[in-house]
Amino acid sequence: MTEKIKIVRTDQELECPHVDQVLREKDINLVLLPDNVDADRLLRETQDADLILMCYTPITARIIRNARKLKGIVKYGVGIDAIDIDAAKARKIPVVNIPEYAEETVAEGAFTLMIALAKKLIPLNNAMQQDGWAWPTARWLAHDLAEKTVGLIGTGRIGRSMGRMAGAGFRARVLGFDPNVSATTMRTYGIEKADDLSAMLEQCDFVSIHCVLNEDTHHLIGEKELAGMKTDAFIINVSRGAIVDEIALLAALKSRQIGGAGLDVYSSEPLAKSNHLLSELYAMGNVIMLPHLTFYTAEAMHRLEQETLQRCFEILQGRPVLIKSKDPRLQGQKHGVVYG
């Protein structure tokens, strides 16, 4: 009797009903595990898995070494910092992500945060709910986006979409800091290249983070960078929490060293109102917090589920898995992959 294919999907709180349904219809043994699953349970469940589908749960070298039947790891999302890719390479196990499903979606989310901060939409709505009305006093004086300076940290697909919305859409000046993208390429997208991050930050009314998290970008924005920003500038992060030194950010927000922040990502997720490093954010009127959901639209999830299934079946059928990401950590794979 042929043994059933086994797939372990972590982070079951991110509902993927189409993925789950199709895999079960193929008579696959699908095991769903929750966020923050116990490390020992994850080790047990993956030791005989053919495939791991993950989103946030760390897939460590120990997990990879112990998974004796593992044929591939599919990140149903973009960021791959939670996967020990070197360990996967050592076992010739391909790792793939889904990099294109939410480019416009996440940029729209970042732009929503920027508009909401500039126009004081959240505190105004709170005042309306509490008091029934708000008069045009200095407390509610908002900002235009036109002719402001928007700085992008990372000018890949999402950053470029954000830049287009700000520049072509709202007549903002758009600067971009990205050592991996040339000035010529940036100009094509209406972005002025900035070679020095601190010098760019000094000019910006809004700073929006769109780079990947790796060794070079961990705490890229720290105390020094925040101190160099305008006192009425806003920072927006829809990428990864650890790109910012969050303790330094918390201090800058508390002291009003910067104007405010729009955050969708945090180093430690989920966020919590108590017993969390960033619990004080909840009481800050100059902060908008989202629960890592700027990617979560009907259209983006449809694209994500469809492409996740494509990558799964490529691996399970023994075909090379399609790598669309330009991330050098994925581009450096030599076994079981094809680049497109």
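The values are calculated or read from the model by the stated rules, or taken from the named source; none is laboratory data. Quick caveat, the model's predicted, so the values are computed rather than measured. Here the Cβ positions follow ideal geometry from the backbone for every residue, glycine too, while neighbour counts run over all protein chains shown.
If I filter segment 219-228 for residues that are under 19 Å from the mean Cα position of the chain (by Cα) and hydrophobic (A, V, I, L, M, F, W, C), do I get at least one hit? Among the residues of segment 219-228, at least one is under 19 Å from the mean Cα position of the chain (by Cα) and hydrophobic (A, V, I, L, M, F, W, C), which makes the answer yes.
Screening segment 23-86 for strands (runs of 3 or more DSSP E) wholly inside it with 3 or more residues that are modelled with pLDDT under 95 and surrounded by 15 or more Cβ atoms within 10 Å (Cβ to Cβ) returns no ranges.
Is at least one residue of segment 309-323 within 17 Å of the chain's Cα centre (by Cα) and either basic (Lys, Arg) or not assigned by TED's automatic domain parsing to the domain that holds ASP50 (or both)? I'd like the intermediate steps shown before the answer.
Going through segment 309-323, the residues within 17 Å of the chain's Cα centre (by Cα) turn out to be none.
Within segment 309-323, not a single residue is within 17 Å of the chain's Cα centre (by Cα) and either basic (Lys, Arg) or not assigned by TED's automatic domain parsing to the domain that holds ASP50 (or both).
Against the criterion of being polar (S, T, N, Q), in the same structural domain as LEU309 (by TED's automatic domain parsing) and out of contact with any strand residue (DSSP E or B) (no Cβ under 6 Å at 6 or more places or on another chain), THR112 does not qualify.
Pick out the one residue from ILE258, ILE323, ILE288 that is under 15 Å from VAL74 (Cα atoms) and surrounded by 14 or more Cβ atoms within 10 Å (Cβ to Cβ). Quick ask: steps written out before the conclusion?
Working: ILE258 fails: under 15 Å from VAL74 (Cα atoms); ILE288 fails: under 15 Å from VAL74 (Cα atoms).
Only one candidate qualifies: ILE323.
Given the criteria touching an Asp or Glu at 6+ places or on another chain (Cβ under 9 Å), free of Cβ contacts under 8 Å to residues at least 60 places away in the same chain and among the polar types (S, T, N, Q), does THR105 qualify?
Numbers: touching an Asp or Glu at 6+ places or on another chain (Cβ under 9 Å): yes; free of Cβ contacts under 8 Å to residues at least 60 places away in the same chain: no; among the polar types (S, T, N, Q): yes.
Criteria not met by THR105.
Test ILE93 against the criterion of being in contact with an Asp or Glu (Cβ under 9 Å, 6 or more places away or on another chain), among the hydrophobic types (A, V, I, L, M, F, W, C) and more than 17 Å from LEU213 (Cα to Cα), and give yes or no. The answer is no for ILE93.
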